[in-house]
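One structure is given here, and the rest of the page talks about it.
Read the figures in this text as sums done on the coordinates, not as results from a lab. Note that the structure is a prediction, hence the values are computed from the model and not measured. All Cβ positions, even for glycine, are placed from backbone atoms using ideal geometry, and neighbour counts span all protein chains on display.
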Amino acid sequence: MSDAGRDEARAAAIRLLARREHTRQELEDKLGRRGYPRGVVADVIEELLEEGLLDEGRFAEAFVNSRVERGQGPVRIEYEMRQRGVPAHLAREALQALAVDWREQARAVRRHRFGDRVPADRREAARQAQFLQRRGFTAEQVRAAATPADEDG
């Protein structure tokens, strides 16, 4: 591909990165769908990595922040990052760096969805637990969310 085609691919990548952070995998997929050859895409991505314009650690940090604000739990957040091509160690580091009290986060999500009262019966408790599990909270975090904060042990 000519230098003009390479420059077009780079410009497209920079436009994508200007909107939001991306992973290497996301950028490869998007540029590939736009018809840029793999070799050109790989070269452009390497340049962007070297220049610090593409940074998967920065993506992971922004991703974790946005998902916590949406009320998602650590299991789902890590899964979604892995689906987007974030290396496992970067996903774990981003989750740990935020220092979220996941038990309290699960409580807040439960309260927001179901109100202040804890479940009155097993059926309602199961329904709320399933909701929190779909949101990506662990079994321990789900149990904690079903008890008032002052009863934690």
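For region 3-54, what are Rg and Dmax over the alpha carbons, in angstrom?
For region 3-54, the Cα radius of gyration and maximum Cα-Cα distance read 9.6, 26 Å.
With a/c under 1.5 counting as rounded, go ahead and sort region 49-135 into rounded, prolate or oblate using the C-alpha gyration tensor (a ≥ b ≥ c being the square roots of the eigenvalues; past the cut-off, prolate if a/b is larger than b/c, else oblate).
On the way: a/c = 3.52, a/b = 2.70, b/c = 1.30.
Cα axes put region 49-135 in the prolate bin.
Translational diffusion coefficient of region 57-98 at 20 °C, 1.002 mPa s, Stokes-Einstein with Kirkwood Rh over Cα pairs, in µm²/s as a whole number. Walk me through the numbers before you get to the answer.
On the way: Rh = 9.7 Å.
Using the Kirkwood radius from Cα pairs, D works out to 221 µm²/s.
Would you mind pulling out the separation of the Cα centroids of region 10-78 and region 111-134, in Å?
A separation of 36 Å, based on Cα centres.
Measuring from label point to label point, each 7 Å out along Cα→Cβ, what is the LEU49 to ARG20 span in nm?
Computed distance between label sites LEU49 and ARG20 equals 2.3 nm.
So what is the 222 nm mean residue ellipticity for the chain from helices alone, if each DSSP H run of at least 4 adds -39500 (n - 2.57) and you divide by all residues, rounding to the nearest 500 deg cm²/dmol?
Computed mean residue ellipticity for the chain: -22000 deg cm²/dmol.
I'm spelling it out carefully: the read-out is Rg and Dmax of the Cα atoms in Å, the candidates are (i) 25.2, 97; (ii) 20.3, 68; (iii) 17.9, 63, and one was derived from this structure. Which label?
(ii)
Which residue, ALA99, ALA139, ALA42, has the most motion in a Gaussian network model of the chain that connects Cα atoms within less than 10 Å?
Fluctuation is largest for ALA99.
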